[in-house]
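The values are calculated or read from the model by the stated rules, or taken from the named source; none is laboratory data. What you are looking at is a predicted structure, and each value in this text was computed from that prediction instead of being measured. Virtual Cβ from ideal backbone geometry, glycine too; neighbours counted across all protein chains shown.
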Amino acid sequence: MRSLTKLVKAIKSNRRIVIATHRDPDGDGIAAALAVAYLVKHYRRNKPDLFCHSRIPHKYQFLLGDWEFTRKLGEFDLLIAVDSAGLSRIFPRHAESQMDDKAIVNIDHHPSNNSFGTLRIIDEKASSACEIIYFIFKRLGLRITRELAEIFYCGIYNETGGFVYPNTTKESLQIASELVALGVRPDYLVKEMNAKTLSGTALLTRVLSTIEVRGGVALMYLVQDMLQRSSAEMSESENFISFLQAIKGVRVSMFLREESDGTRISLRSDGIIDVDKLARQYGGGGHRLAAGLRIRKDIHAAKKEILRAIQREIRKNCRS
């Protein structure tokens with residue numbers, strides 16, 4: 001409870017507050033930022049700024065209401081970072097060095113979190129950042145409106161893969177039940193979050209055609225030409241990796257996305273290897289069964305190197 005007292009004090013004593021989530025935001029990161037924005041507004045009666053280095057994907061726009069994210073970081077007295085294992089996940093490299101003398105609150109659930117910030121509220125056992133923030137609201141005795149309940153539900157639903165990933169717990173299911181009691185309609189929210197555009201479906205078709213399975217490792221890739229030919233955006237590929245995970249016999253999945261300065265890679269494991277540990281070797285991270293990284297190599301070189309690293313870890317674990 002002491003950390004929550006410090007959090008409330010920080011919110012009350014700082015005038016210019018920015019709430020930030022990681023670039024390439026997912027449902028949990030966006031929802032967590034919005035939930036904290038409601039928290040700040042409760043204590044300060046005015047809206048904080050919301051920051052994300054990337055555009056908010058179209059499918060999450062319905063959650064924003066009259067809130068707006070900016071991609072330009074202005075002056076601030078307090079930064080509240082959510083769902084981010086490190087400041088490098090939030091800011092470009094040149095901006096990170098400017099944070100040394102800033103008051104920073106770090107709210108996260110990733111085991112790979114590097115403990116940045118002046119106040120840290122980190123729970124590795126939580127299903128999501130939204131779960132942590134939900135309990136903050138409960139412990140502070142704050143009212144959760146139906147609009148806020150929808151935000152919490154979307155974040156937890158997204159991070160648990162619709163309550164089927166291993167991070168689904170009795171706590172996350174209990175919270176979902178309480179949110180439904182507050183007026184959340186799961187059918188409506190799930191339909192909104194899972195809605196696909198025609199261009200996104202065309203992109204999925206092209207990406208699925210690249211699938212390879214090698215000794216229990218499934219991989220596929222997305223190159224910029226696919227986006228152009230499909231008239232799609234990169235954000236529409238957010239959950240494509242689930243198609244690899246669904247293939248019978250697959251133990252580890254790897255989805256590579258070509259970017260202007262290298263390759264972005266998502267990893268999933270059934271437990272045979274710790275993909276968080278592997279991703280950390282390349283400056284990435286996440287969770288034991290789900291992690292990601294960026295590598296400054298073209299997509300073919302990146303595929304070769306990370307596949308080799310995965311196979312090496314599998315062999316190591318099978319021998320032990």
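Return yes or no: is Ser54 touching a strand residue (DSSP E or B) at 6+ places or on another chain (Cβ under 8 Å) and over 20 Å from Arg15 (Cα atoms)?
Working: touching a strand residue (DSSP E or B) at 6+ places or on another chain (Cβ under 8 Å): no; over 20 Å from Arg15 (Cα atoms): yes.
Considered against the rule, which asks whether it is touching a strand residue (DSSP E or B) at 6+ places or on another chain (Cβ under 8 Å) and over 20 Å from Arg15 (Cα atoms), Ser54 comes out as no.
Okay, residues lined up against (1) assigned by TED's automatic domain parsing to the domain that holds Phe137; (2) under 30 Å from Asp298 (Cβ atoms); (3) among the polar types (S, T, N, Q):
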{"residue": "Ala181", "(1), (2), (3)": "yes, no, no"}
{"residue": "Arg185", "(1), (2), (3)": "yes, no, no"}
{"residue": "Leu203", "(1), (2), (3)": "no, yes, no"}
{"residue": "Ser209", "(1), (2), (3)": "no, yes, yes"}
{"residue": "Ala218", "(1), (2), (3)": "no, yes, no"}
{"residue": "Leu222", "(1), (2), (3)": "no, yes, no"}
{"residue": "Gln228", "(1), (2), (3)": "no, yes, yes"}
Quickly run through region 114-132 and pick out the residues that are modelled with pLDDT of 95 or more, assigned to a loop (DSSP other than H, G, I, E, B) and crowded, with 21+ Cβ neighbours inside 10 Å. Ala126, Ser127, Ser128
Has region 85-108 got any residue that is closer than 28 Å to Asp274 by Cβ, of a type outside the set (Asp, Glu), part of a strand (DSSP E or B) and in contact (Cβ under 8 Å) with a residue 60 or more places away in the chain? yes
Condition check for Asp276: more than 23 Å from Leu227 (Cβ to Cβ) and surrounded by 16 or more Cβ atoms within 10 Å (Cβ to Cβ): yes
Inter-residue pairs, beta-carbon under 8 Å, first free of Cβ contacts under 8 Å to residues at least 60 places away in the same chain and over 27 Å from Ile314 (Cα atoms) and in region 218-236, second among the polar types (S, T, N, Q) and surrounded by fewer than 22 Cβ atoms within 10 Å (Cβ to Cβ), 6+ apart: Ser230/Ser199; Ser231/Ser199; Ala232/Thr197; Ala232/Ser199
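Within region 12-65, how many residues are in a helix (DSSP H, G or I) and touching a residue at least 12 places away in the same chain (Cβ under 8 Å)?
Qualifying residue count, region 12-65: 24.
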Among residues belonging to region 154-170 that are in contact (Cβ under 8 Å) with a residue 60 or more places away in the chain and over 25 Å from Arg139 (Cβ atoms), point out the one that is surrounded by the most Cβ atoms within 10 Å (Cβ to Cβ). Tyr165
Subset tally (residues that are over 24 Å from the mean Cα position of the chain (by Cα), part of a helix (DSSP H, G or I) and polar (S, T, N, Q)) for region 225-248: 2
Checking Phe163 against (1) under 22 Å from Arg2 (Cα atoms); (2) not in a helix (DSSP H, G or I), only one condition comes out false. Which one? (1)
Looking at Ser88, Ser112, Ser177 in this structure, which one is farther than 18 Å from Arg16 by Cα and touching a Lys or Arg at 6+ places or on another chain (Cβ under 7 Å)? Ser112
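Going residue by residue through region 54-75, is there one that turns out to be aliphatic (A, V, I, L, M) and more than 17 Å from Ala31 (Cα to Cα)?
yes
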Among the residues of region 216-245, which ones are over 16 Å from Leu267 (Cβ atoms) and either surrounded by 20 or more Cβ atoms within 10 Å (Cβ to Cβ) or not acidic (Asp, Glu) (or both)? Val223, Gln224, Met226, Leu227, Gln228, Arg229, Ser230, Ser231, Ala232, Met234, Ser235, Glu236
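Table: residues versus (1) surrounded by 14 or more Cβ atoms within 10 Å (Cβ to Cβ); (2) basic (Lys, Arg); (3) in contact with a Ser or Thr (Cβ under 9 Å, 6 or more places away or on another chain); (4) in a loop (DSSP other than H, G, I, E, B).
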| site | (1), (2), (3), (4) |
| --- | --- |
| Ser172 | yes, no, yes, no |
| Glu178 | yes, no, no, no |
| Val190 | yes, no, no, no |
| Met193 | yes, no, no, no |
| Thr201 | no, no, yes, no |
| Arg206 | yes, yes, yes, no |
| Thr210 | yes, no, no, yes |
